[in-house]
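Chemist: My structure is below; once you've seen it, I'll send some questions.
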Amino acid sequence: MSLTSAATLATLDRTGPRRITDLAAVEGVTQPAMTALVRVMEESGLVERRGDASDKRVTLVCLTEAGASYVLTRHQAGVRAFERLIGELSGDEVEALVAALPALKHLAELESQDREGPKQ
């Protein structure tokens, strides 16, 4: 799976159903590229398209159960990899990481806000 596919699934998991135009903007690709990507992920059973109850002209891309399971599995694999690597650090290095956690959390929040665009 491409990084853009994985990132798109993670975005849908984090933010819920989105328009293709929104996903394209968040992931930094063109709308035609996102349309093609969504088609492939739809054929793989990871996402589905649904109508928007508030605007019948709009189609939203939603995670399927398989898509949500894929995101969870990738997340868990990442956590296990970091646990293993952190286990190889010295006590001082672990303490330095713990001390840096608030700044790292803030960076992640800033990145998430940047990817999702300005609040309306």
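Chemist: Looking at (1) hydrophobic (A, V, I, L, M, F, W, C); (2) surrounded by 11 or more Cβ atoms within 10 Å (Cβ to Cβ); (3) more than 13 Å from the chain's Cα centre (by Cα), can you tell me which one L9 breaks?
Modeler: For L9, the exception is condition (3).
Chemist: Counting only residues that are assigned to a loop (DSSP other than H, G, I, E, B) and of a type outside the set (A, V, I, L, M), which one in segment 1-20 is nearest to S112 (Cα to Cα)?
Modeler: G16
Chemist: A follow-up question, please. Being in contact with a helix residue (DSSP H, G or I) (Cβ under 8 Å, 6 or more places away or on another chain), part of a helix (DSSP H, G or I), among the small types (G, A, S) and surrounded by 12 or more Cβ atoms within 10 Å (Cβ to Cβ): is that true of S112 here?
Modeler: yes
Chemist: Hey, another quick one. Quick test for you: out of V40, V71, pick the one residue that is surrounded by 12 or more Cβ atoms within 10 Å (Cβ to Cβ), touching a residue at least 60 places away in the same chain (Cβ under 8 Å) and within 14 Å of L9 (Cβ to Cβ).
Modeler: V71
Chemist: So which residues in segment 43-60 are surrounded by 12 or more Cβ atoms within 10 Å (Cβ to Cβ), over 10 Å from L9 (Cβ atoms) and not charged (D, E, K, R)?
Modeler: S44, G45, V58, T59, L60
Chemist: Here are G67, G51, G45: which of them is at positive phi and not charged (D, E, K, R)?
Modeler: G45
Chemist: Right, here's the next one. Can you find, within segment 23-73, the residue that is modelled with the lowest pLDDT among those that are of a type in the set (D, E) and within 16 Å of S5 (Cβ to Cβ)?
Modeler: E27
Chemist: Next up: Scanning for something over 18 Å from V58 (Cβ atoms), in contact with a strand residue (DSSP E or B) (Cβ under 6 Å, 6 or more places away or on another chain) and not in a loop (DSSP other than H, G, I, E, B), does segment 21-39 turn up at least one residue?
Modeler: No, segment 21-39 contains no residue that is over 18 Å from V58 (Cβ atoms), in contact with a strand residue (DSSP E or B) (Cβ under 6 Å, 6 or more places away or on another chain) and not in a loop (DSSP other than H, G, I, E, B).
The values are calculated or read from the model by the stated rules, or taken from the named source; none is laboratory data. Since the structure is predicted, the reported quantities are computational estimates derived from the model, not experimental observations. Quick reminder, even Gly has a Cβ in these numbers, built from the backbone with ideal geometry, and neighbours come from all protein chains shown.
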